[in-house]
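The values are calculated or read from the model by the stated rules, or taken from the named source; none is laboratory data. Given the structure is predicted, the values throughout are model-derived calculations rather than measurements. Using ideal geometry, Cβ is built from the backbone for each residue, glycine included, and neighbour counts are taken over all protein chains shown.
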Amino acid sequence: MGETDVRYKDTQDFSTEEPERLFLSVEWSSGHFPDKLAVAMKNFRTVFSAWDADKTNLWT
């Protein structure tokens, strides 16, 4: 199994599609409401996210 380089960020700068894809990948129902999910995540004071270092998107 190869190593994966993960970067952790404290940011709310992500597209609507990124959390949607992430939440649906773990079968969380909130992923079916991407607009509401994006608003909720942007309204949290702190959001930590894991990013694939080889890509510019949320870890999935």
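Residues in region 15-60 that are under 22 Å from Asp5 (Cβ atoms), modelled with pLDDT of 85 or more, surrounded by fewer than 14 Cβ atoms within 10 Å (Cβ to Cβ) and β-branched (Val, Ile, Thr): Val26 alone. For first residues located in region 8-29 and farther than 8 Å from Ser49 by Cβ, partners that are of a type outside the set (A, V, I, L, M, F, W, C) and crowded, with 18+ Cβ neighbours inside 10 Å and lie 6+ apart or on another chain with Cβ distances below 8 Å form the pairs Thr16/Pro34; Glu17/Pro34; Pro19/Pro34; Glu20/Pro34.
In the set (1) modelled with pLDDT under 85; (2) under 11 Å from the mean Cα position of the chain (by Cα), the condition left unmet by Asp5 is number (2).
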